[in-house]
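> I have a structure I would like to understand better, so I am pasting it below and will then ask my questions one at a time.
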Amino acid sequence: MATIPPSVPPKTTRVLVVDDEPGLRQVLTIAFRRQGYEVVLAPGAHAALEAIRQNPQPFPLILTDLVMPDGSGIEVLTAAKARSSATEVIVMTAYSTVESALDAMRHGAYDFVTKPFSPAELTALAAKALEKSSIVAENQRLRAQLERLDLPSREPLGTGAAMQRISELIGKIAPTRTTVLITGESGTGKERVARAIHDQSDRAAKPFLVVNCGALPEALMESELFGHEKGSFTGAGARALGLFREADGGTLLLDEIGELPASLQVKLLRVLQERKVRPVGAAAELAVDVRLLAATNRDVEAEVREGRFRQDLYYRLNVIRIELPSLRERPEDISRLAERFLRRFAAELGKDVRGLTTDAVRALDAYGFPGNVRELENMMERAVALAGGPSIGLGDLPSAVAGLSASPAPLLAQLPPGGCMLDDVLGEVERRLILQALERTGGVRKAAAKLLGVSFRSLRYRLAKHALAAEGEGDDDLEGSRRESSPPGAPQ
């Protein structure tokens, strides 16, 4: 019976062969090239680690000796898996022990073969390993695609005219590699805009990395951005790629670009011009393919005029400018954003919270939001955590938003010249005191009733009267209803 040969892999399939024996490397090179593979050779662990780091794409398959003069196959295996879980590794050794086999498998090896072996045996095993590698890689690709379809960056940025124009601009510039400068107050969503640009580009499957230039110590910033060689400075015990090379093929967002020191502004300008980086301590520059986005809440033009930011770098970054309006400049988006954050935090916290009361929406719309979208997001997380029922009410919002800090005393100070509606004035006083009590007790109504000197049932009646909460909301209602026997509608 004729033997069915293994399927021929595509010519682009690269296999890394790691062994300190030149003869074995030569035999495996011949065998794998006959099967259509492209073979990369490494005479030891150190060369293999360099090949794993330097190769533009992760190797789908690595064949490595277990024991070598300059390191072990476990080191190679660990480095390969750290770069890509889809890489399959077959470990070869002349030292066949149960312990070494288990150790290799524990670290994620596909299989374990003992020398001597036939090249045909190994190529057949390699074909099976590559089949698994391709399945894992495809699953990762599909998972990433599904995640991108569900990303917040795919949601509309806003319903107002200003945000609609920004959404349209993102759609136009995303497919390009043009540098974009994103400006706006702190908390307006600059990183989300950058993420939307990346997700709508052909780089979406590649890395999207963010670095806050204001959070990095100046002494380490160059190393973090461009990488360094082992021993290039005190503490550099290992080689580091740097964020530009880690983002290769993808997008890098330099947040708070205005904080970049003058010395690094010069080097960043060269990277933008040459598309190359020079790691600290390296003798040569390395090519990178990175789309650069920059963001700042500073007035960059003023920084340029005052000599704190290089004019030539500013022109390089400011090819396309996206200026984000503050949240107070687009109040039409407040309730929509609040609802979106509410749904997200309700799911994360496992709470049955489905919406906001009319009063809560009115209070949010009237608030100035000095912290912009970030402040609203934090506010909704707090509100969902405190909510005692299916709706977010005024009592779940901070006092600055709900108007709880205002004293009711001015309402009682004096009778207006034209008189007043006493019931309305007293009702407003009652409403404010109830909200203050709820705020002070974190929304626990039994405790709020105690602060106000009324029964729990009476508080429920008053909450319903002022449309602050629906009847029957919250776990404490059951206990309160058991203890109170007075008829509903009769305050005590």
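The values are calculated or read from the model by the stated rules, or taken from the named source; none is laboratory data. Just so you know, these numbers come straight off a predicted model, no measurement behind them. Don't worry about glycine lacking a Cβ; one is built from the backbone with ideal geometry, like all the others, and counts go over all protein chains shown.
> Out of all the residues in segment 445-472, which are outside any helix (DSSP H, G or I), of a type outside the set (Gly, Ala, Ser) and modelled with pLDDT of 85 or more?
If the condition is that a residue be outside any helix (DSSP H, G or I), of a type outside the set (Gly, Ala, Ser) and modelled with pLDDT of 85 or more, then Val454 is the only one that fits.
> Is it true that Leu63 is within 18 Å of Ala94 (Cβ to Cβ), touching a helix residue (DSSP H, G or I) at 6+ places or on another chain (Cβ under 7 Å) and either touching a residue at least 40 places away in the same chain (Cβ under 8 Å) or assigned to a strand (DSSP E or B) (or both)? Let's see the steps before the verdict.
Details: within 18 Å of Ala94 (Cβ to Cβ): yes; touching a helix residue (DSSP H, G or I) at 6+ places or on another chain (Cβ under 7 Å): yes; either touching a residue at least 40 places away in the same chain (Cβ under 8 Å) or assigned to a strand (DSSP E or B) (or both): yes.
Considered against the rule, which asks whether it is within 18 Å of Ala94 (Cβ to Cβ), touching a helix residue (DSSP H, G or I) at 6+ places or on another chain (Cβ under 7 Å) and either touching a residue at least 40 places away in the same chain (Cβ under 8 Å) or assigned to a strand (DSSP E or B) (or both), Leu63 comes out as yes.
> Oh, and also: Out of everything in segment 1-21 that is at pLDDT 90 or above and of a type outside the set (Val, Ile, Thr), what residue ends up being nearest to Ala129 (Cα to Cα)?
Of segment 1-21, the ones at pLDDT 90 or above are 15-21.
Add one more test, that the residue is of a type outside the set (Val, Ile, Thr), and what stays is 16, 19-21.
Values: Leu16: 13, Asp19: 19, Asp20: 23, Glu21: 23 Å.
Only one residue tops the list, namely Leu16.
> Out of Ala287, Ala282, report the one residue that is in contact with an Asp or Glu (Cβ under 9 Å, 6 or more places away or on another chain) and either at pLDDT 90 or above or more than 23 Å from Ala204 (Cα to Cα) (or both). Walk me through how you get there before you give the answer.
Working: Ala287 fails: either at pLDDT 90 or above or more than 23 Å from Ala204 (Cα to Cα) (or both).
Ala282 is the lone residue from the list that is in contact with an Asp or Glu (Cβ under 9 Å, 6 or more places away or on another chain) and either at pLDDT 90 or above or more than 23 Å from Ala204 (Cα to Cα) (or both).
> Considering only residues that are of a type in the set (A, V, I, L, M, F, W, C) and more than 28 Å from Glu329 (Cα to Cα), which ones fall in segment 176-210?
Ala204, Ala205, Phe208, Leu209
> Restricting the first residue to segment 168-183 and requiring it to be under 16 Å from Arg195 (Cβ atoms), which pairs with a second residue that is of a type in the set (Lys, Arg) and buried (at least 19 other Cβ atoms within 10 Å of the Cβ) meet a Cβ separation below 7 Å and a spacing of at least six or different chains?
Partner pairs satisfying both residue conditions: Ile182/Lys190.
> Looking at segment 175-195, can you tell me whether even one residue there is farther than 29 Å from Gln57 by Cβ, surrounded by fewer than 17 Cβ atoms within 10 Å (Cβ to Cβ) and among the polar types (S, T, N, Q)?
Checking segment 175-195: at least one residue is farther than 29 Å from Gln57 by Cβ, surrounded by fewer than 17 Cβ atoms within 10 Å (Cβ to Cβ) and among the polar types (S, T, N, Q).
> Continuing with the same structure: Would it be correct to say that Leu146 is part of a loop (DSSP other than H, G, I, E, B) and modelled with pLDDT under 70?
Against the criterion (part of a loop (DSSP other than H, G, I, E, B) and modelled with pLDDT under 70), Leu146 does not qualify.
> When the residues of segment 90-127 are filtered to those that are in a loop (DSSP other than H, G, I, E, B), within 17 Å of Val67 (Cβ to Cβ) and out of contact with any strand residue (DSSP E or B) (no Cβ under 9 Å at 6 or more places or on another chain), which remaining residue is modelled with the lowest pLDDT?
My answer is Thr97.
> Listed residues Ala215, Ala196, Ala238, Ala219; which is at pLDDT below 85 and assigned to a helix (DSSP H, G or I)?
Ala219
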